[in-house]
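The values are calculated or read from the model by the stated rules, or taken from the named source; none is laboratory data. Bear in mind the structure is a predicted one, so any value in this text is a computation, not a measurement. FYI the Cβ positions are ideal-geometry reconstructions off the backbone, even for glycines, and counts take in every protein chain you see. These area figures cover heavy atoms from the full protein model, side chains too; ligands, DNA and RNA do not enter into them. Shrake-Rupley method; radii C 1.70, N 1.55, O 1.52, S 1.80 Å.
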Amino acid sequence: MYSFSTRFEGGYGEAISRVTEELAREGFGVLTEIDVKATLKKKIDVDRRPYIILGACNPALANQALNAEPDIGVLLPCNVIVREEEDDSITVTFMDPESVLQLVGRPEVQPLAEEVKARLERVRDAITG
């Protein structure tokens, strides 16, 4: 599996705020925000439910990963999705860095992937509880 997710009890905007706050507590900044709903409406006139991709990065861990494998940047940042479902519930999905970074095939990257996953799981747990 390449991701893990949770339901957020609250609204879409609140979910984005909480995820961003909890990411910051774990040392991540949000480098990018892609509003998929707005982009698809503008580019191909398709209506979708609210859906945003947050590109999260922990600078210290990213630097360690880049030192281990310069091309690892193609797998960064860690994407987090917040989306509104058909029943108006909110799902928050996290990229699983262990699954993705195993593609690199470098054993020295594994501990970093485990650390990033543990931090993202703490974010998931914080917004679930």
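What figure, in Å² to the nearest 10, do you get for the accessible area of D125 with a 1.4 Å probe and non-protein molecules left out?
Spelled out: D125, probe radius 1.4 Å, area about 80 Å².
For every other residue with a beta carbon closer than 14 angstrom to the beta carbon of L103, add +1 if it is Lys or Arg and -1 if Asp or Glu, then tell me the sum.
Local net charge: -3.
Counting Lys +1, Arg +1, Asp -1, Glu -1, what net charge surrounds L61 among other residues with beta carbon under 9 Å of its beta carbon?
0
Among T6, T91, V30, whose Cα projects farthest towards the positive end of the dipole of the chain, with charges put on the beta-carbon of Lys, Arg (+1) and Asp, Glu (-1)?
Most positive-ward Cα: V30.
What stretch of the chain, leaving out the sites themselves, is the longest with no GluC sites (Glu not before Pro) in a DSSP loop having at most 14 other Cβ atoms within 10 Å?
10-84
Using the crude model of +1 on Lys and Arg Cβ and -1 on Asp and Glu Cβ, and no other charge, please compute the dipole size for the stretch 1-47 relative to its Cα centre, in debye to 20.
180 debye
About the Cα centre of the stretch 37-122, how large is the charge dipole given +1 on each Lys and Arg Cβ and -1 on each Asp and Glu Cβ? Please answer in debye to the nearest 20.
My answer is approximately 380 debye.
For V36 and M1, what does the FRET efficiency come to when R0 = 25 Å and r is the distance between their Cβ atoms, rounded to the nearest 0.05?
0.70
If you average the C-alpha positions of the stretch 39-57 and of the stretch 101-126 separately, how far apart do those two centres end up, in angstrom?
Their Cα centres are 26 Å away from one another.
Starting from the Cα of K37, draw a straight line to each of the aspartates and glutamates and keep only those under 18 Å, dropping any in the same chain fewer than 8 residues away.
Within reach: E14, D45, D47, E84, E85, E86, D87, D88.
What value, in deg cm²/dmol to 500, does the helix sum -39500 (n - 2.57) over DSSP H runs of n ≥ 4 give at 222 nm once divided by the residues of the chain?
Mean residue ellipticity, 222 nm, calculated: -13500 deg cm²/dmol.
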